[in-house]
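Student: Below are the structure tokens for one structure; questions will follow.
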Amino acid sequence: MEALGVPWFMAVRLLGPPVFLFVVGGALVLWRRPARSGVIWAALAVNLTAAALPFLWIGAQILTDQAEQTVYGLVMTLLQPSVVLLAWSLMLWAAVSAPASDRRTRAGGGGRTTTETERAPENIG
């Protein structure tokens, strides 16, 4: 990190929480096996990528020698929050939407259990 001109404590401060979220979230996905685990893995990976974008950007600027153009800085300023928004939108979608198997069960049975569908109507009174 020192070669990029970024102190180590800044790298740890910026990358630490997303790495922790990736590790703990990944452990929970492996332990609990949610219905949309692929989307959750994608959201965790996109969030980690968004945290690494500034360092990738600094490296790209060093390699291409384009650090002095402000339009590139503006693009990066807008790009990282957009990638973070994408990651959290994926996570929200995974949490809120019902998996396809639940939709088929609801459509076919109307949400009733088998004991409710087998009962005959009774006239009481």
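The values are calculated or read from the model by the stated rules, or taken from the named source; none is laboratory data. Computed from a predicted structure; not experimentally measured. Because the Cβ atoms are built from the backbone with ideal geometry, glycine has one as well, and the counts that use them run over all protein chains shown. Remember, those area values only see protein heavy atoms, side chains included, never the ligands or the DNA or RNA. Shrake-Rupley method; radii C 1.70, N 1.55, O 1.52, S 1.80 Å.
Student: Check region 56-76 and report whether any residue there is in a helix (DSSP H, G or I), β-branched (Val, Ile, Thr) and either open to solvent by less than 60 Å² (accessible area, probe 1.4 Å) or at pLDDT 90 or above (or both).
Tutor: yes
Student: On to the next question. Can you tell me how many residues in region 6-38 are charged (D, E, K, R) and touching a residue at least 24 places away in the same chain (Cβ under 8 Å)?
Tutor: Adding up the residues that qualify gives 1.
Student: Please determine, by comparing only the residues of region 17-38 that are aliphatic (A, V, I, L, M) and either part of a loop (DSSP other than H, G, I, E, B) or open to solvent by less than 30 Å² (accessible area, probe 1.4 Å) (or both), which one is nearest to residue 80 (Cα to Cα).
Tutor: 29
Student: State whether the residues of region 84-100 include one that is at pLDDT 80 or above, out of contact with any Asp or Glu (no Cβ under 9 Å at 6 or more places or on another chain) and loosely packed, with under 11 Cβ neighbours inside 10 Å.
Tutor: Among the residues of region 84-100, at least one is at pLDDT 80 or above, out of contact with any Asp or Glu (no Cβ under 9 Å at 6 or more places or on another chain) and loosely packed, with under 11 Cβ neighbours inside 10 Å, which makes the answer yes.
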